[in-house]
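What follows is a set of notes on a single structure, which appears directly below.
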Amino acid sequence: MRVVIAPDKFKGSVEAPQVAEAIADGLAAALPTAEVHCQPVADGGEGTVAAALAGGYRAVTVTVTGPVGDPVEATFAVDGTRAVIEMAAASGLLVLPIDDAGEPVKDALGATSQGTGELIAAALDHGCTEIVLGVGGSANTDGGAGLLVGLGARLLDDAGDPVAAGGGGLARLASVDVTGLDPRIAGASFTLAADVTNPLLGPHGAAAVFGPQKGATDADVATLDANLELFRDRLADALGPAAAKAADAPGAGAAGGVGYAALAVLDAERRPGVDVVLELVGLADRLTGVDLVITGEGSLDGQSLGGKTPVGVAALARAHGVPTVIGVCGRSLLTEDETRKAGFDEVIALLDRQPDSARAMAEAAALLTEIGGELGRRYASIAT
């Protein structure tokens with residue numbers, strides 16, 4: 001029997017590689033003759049680099065500017081001339097300073113994407129000419145202004161001095177000097193791995209929709225939206241009207257507007273994150289002759305149906321003729337009809353075994369191993 005285990009993370013509980021390993025341990029103990037391949041996957045946000053590394057990429061770790069200016073160590077993945085960069089590693093909520101209560105110290109107006117630009121520069125230093133940028137989990141709402149600074153641009157006020165970092169600092173922006181942009185950008189191709197289709201500005205834009213998640217008050221949202229509009233105008237002064245038009249493109253509002261800089265300056269192609277990751281790790285190549293695919297994430301719900309990782313894995317498995325696809329999750333809010341339409345033969349939820357959510361999260365690895373064991377015994381009995 002051939003089995004592929006391809007889960008995303010259970011957010012706040014177990015990372016994707018550990019999810020796959022826990023299920024595989026239980027399955028192998030109960031069905032030692034099974035040929036099991038583990039391939040953690042992701043949707044373009046946190047976990048994307050880990051998925052690439054599990055797929056055979058090489059890790060490169062560099063020190064870059066964190067979201068509030070402190071240095072952070074960030075890892076990207078390299079395979080030949082291709083690099084996979086995870087914005088969250090350099091400019092994400094997960095690398096913000098932590099307060100005494102253990103909570104991240106958010107800075108809605110001051111957080112910058114500069115470290116992500118520095119990661120791109122580091123990938124170029126390593127000879128990479130094909131760069132995948134996964135943008136989930138960002139801490140900033142700066143329109144990608146910081147990313148451009150990390151790549152050599154200068155954002156100047158009326159006196160010709162650099163403006164302060166973050167979306168708040170853009171209030172004083174008078175001009176964008178792109179003459180110092182890394183020339184290697186022109187010889188590279190960029191993919192923006194993002195499910196977000198929001199524009200940069202307005203009620204559906206980066207500040208209004210995602211700013212509150214990053215600590216923005218209502219007043220901050222209004223300030224940030226106005227500043228992003230100013231940034232758009234000044235970037236268009238430097239690059240031409242196409243830079244203004246890019247602000248309306250689907251995905252421009254992704255990652256606090258980093259999507260905008262990627263589209264307007266890097267000429268990136270936006271693609272759904274899960275499609276990008278599944279191609280990166282070559283999952284399709286591993287599905288020929290497979291009897292069972294196990295996938296999942298922390299929550300299977302209405303959002304999952306919009307293109308989250310497990311549904312993407314299930315669709316790929318069905319397209320390759322895999323007879324059985326099982327979803328494993330922390331909780332499932334899907335109806336039986338939605339489960340079938342999503343491509344799953346069965347969904348198994350940890351909360352159905354441990355109804356205390358805190359305990360289910362704490363004991364997730366053990367519960368996943370238990371589920372793997374049950375599946376192994378089920379298929380062992382079928383084989384006999």
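Key figures
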| item | result |
| --- | --- |
| Cut-off 9 Å between beta-carbons: net charge of the residues surrounding residue 26, Lys and Arg +1, Asp and Glu -1 | -3 |
| Label-to-label distance, nm, for residues given as residue 73 and residue 356 (7 Å Cα→Cβ offset) | 3.6 |
| Under Karplus coefficients 6.51, -1.76 and 1.60, residue-wise ³J(HN,Hα) of segment 254-263 in Hz, glycine/proline x | 5, 6, x, x, 4, x, 5, 4, 5, 6 |
| Within the chain: Cβ-based charge dipole about Cα centre, in debye rounded to nearest 20 (Lys, Arg +1; Asp, Glu -1) | 740 |
| Segment 61-197 - share of DSSP beta bridges that are antiparallel (%, nearest 5) | 60 |
| Cα Rg, Dmax (largest Cα-Cα span) when computed across segment 48-273, Å | 15.9, 49 |
| For residue 328, residues with placed amide H under 5 Å, excluding near neighbours | 295, 296, 297, 348 |
| Note, ³J(HN,Hα) from phi for segment 27-33, Karplus 6.51, -1.76, 1.60, rounded to Hz, x at Gly and Pro | 5, 5, 5, 8, 9, x, 7 |
| Distribution of pairwise C-alpha distances over the chain, 10 Å bins, in % | 5, 24, 30, 22, 13, 5, 1, 0, 0 |
| Rel. contact order, % - alpha carbon contacts under 8 angstrom, at least six apart, the chain | 20 |
| Stretch gain in nm, segment residue 303-residue 363, where the contour uses 0.36 nm per residue and the Cα spacing is subtracted | 19.1 nm |
| Estimated vicinal HN-Hα couplings, Hz - segment 224-235 in sequence order (Karplus 6.51, -1.76, 1.60; Gly, Pro = x) | 5, 5, 5, 5, 5, 5, 5, 4, 4, 5, 6, 5 |
| Given charges at beta-carbon only (K, R positive; D, E negative), |dipole| of segment 48-273 in Debye | 560 |
| Cα-based helix-to-principal-axis angle, 114-125 vs the chain, degrees rounded to 10 | 80 |
| Values of log10 I(q)/I(0), in the order q = 0.13 Å⁻¹, for segment 270-344 under a Debye, Cα-only, solvent-free model | -0.35 |
| Interatomic Cα distance distribution for segment 46-147, bins of 10 angstrom, percent | 18, 49, 26, 6, 0 |
| Proxy reagent accessibility, fewest Cβ within 10 Å first, across 231, 10 | 10, 231 |
| The chain - mean residue ellipticity at 222 nm from DSSP helices (-39,500 (n - 2.57) per run, n ≥ 4, rounded to 500) | -10500 deg cm²/dmol |
| Linear extension gain, residue 382 paired with residue 341, 0.36 nm per residue minus alpha-carbon span | 12.2 nm |
| Ranked 13, 175, 113, criterion: other C-beta atoms within 10 Å, fewest first | 175, 13, 113 |
| Share, in percent, of DSSP beta bridges within segment 1-111 that are antiparallel, nearest 5 | 75 |
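Bear in mind these aren't lab numbers, they're just calculated from the coordinates by the rules spelled out. Source: prediction; values computed, not measured. Glycine also receives a Cβ, built like all others from the backbone with ideal geometry; neighbour counts cover every protein chain displayed.
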